[in-house]
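Scroll down for the structure; my scribbles are underneath it.
Nothing in this text is a laboratory measurement; each read-out follows from the coordinates by a stated rule. As the structure is a prediction and not an experimental result, all values here were calculated from the model. All Cβ positions, even for glycine, are placed from backbone atoms using ideal geometry, and neighbour counts span all protein chains on display.
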Amino acid sequence: MDIRFTIEAFPALFILLLVLLAVLVVILQSMIQTKSSPKRFLFGAVMCLYLTSVAYFAFFPIDVNIGIYASQNAWYKSINWIPVLTADVPTFLLNVIMMLPFGFLWPLVSGKTNSWKKAGTAALILSAIIELVQFSVTQTLGSTRNTDINDLIANTLGGIIGYAVLSRTLKASGFRSLLQDGQASSRSC
């Protein structure tokens, strides 16, 4: 048996975006009942679009190869376990850049992240989820994506840098009103 085809991004990302927007509607209803600031809803909508674009770059297209064309490598060979020494510099920098918006948006959406450590932890968790999905897709569908420890490092660094940009921006008096309702703090730890 030989199965080969490509899963294109649009249908899957459209469904993902609808799910994220449904979650956002539930959050909006809760915010209306508690009379929370509409700013967090706006930041949440931007975060939904951002996460959809991250999924586009991290997962698609998915080349399904099952049968004689499937990879015959052992599962552990699809994981790069060696940090930094095996890093591809352009890919590393692109991963840092990809997660900058997350570090910037996470405190604005959650209202709870008030330190670079928490922003870094959130970025690490998101990055780990991305890498686990890539690994699962590679193992089950025969895709050619690799799981890489350097991606975890770069993505976490990008989230921390994004938080630092937010923190510095909010220290400027003109941007302080962005979070005037007290939903998030730019206090550093």
(message) Can you find, among L126, M31, A154, the residue sitting farthest towards the positive end of the charge dipole of the chain, where Lys and Arg contribute +1 and Asp and Glu -1 at Cβ?
(response) M31
(request) Would you work out the charge dipole size for the stretch 3-179 about its Cα centre, treating the Cβ of every Lys and Arg as +1 and the Cβ of every Asp and Glu as -1, and quote it to the nearest 20 debye? (result) 880 debye
(message) If neighbour count is taken as other Cβ atoms inside 10 Å, put M31, M99 in order from fewest to most.
(response) M31, M99
(request) Would you work out if the stretch 3-179 is rounded, prolate or oblate? Take a ≥ b ≥ c from the square roots of the eigenvalues of the alpha-carbon gyration tensor; rounded if a/c is under 1.5, else prolate when a/b is larger than b/c, oblate otherwise. (result) oblate
(request) Report the net charge of residues surrounding S127, where surrounding means a beta-carbon distance below 11 angstrom and charges are Lys +1, Arg +1, Asp -1, Glu -1. (result) -3
(message) Around G103, under 13 Å between beta carbons, what's the net of Lys plus Arg minus Asp minus Glu among the other residues?
(response) +3
(request) Based on other C-beta atoms within 10 Å, arrange T52, T169, T147, T86 from fewest to most. (result) T86, T169, T52, T147
(request) Round to the nearest 10 and give me the degree value, 0 to 90, for the angle of helix 116-141's Cα axis relative to the longest principal axis of the chain. (result) 20 degrees
(request) Normalising by the residue count of the chain, find the relative contact order in percent from Cα pairs under 8 Å and 6+ residues apart. (result) 27 percent
(message) Just want the ordering: V96, V25, V109, from fewest to most Cβ atoms lying within 10 Å of their own Cβ.
(response) V25, V96, V109
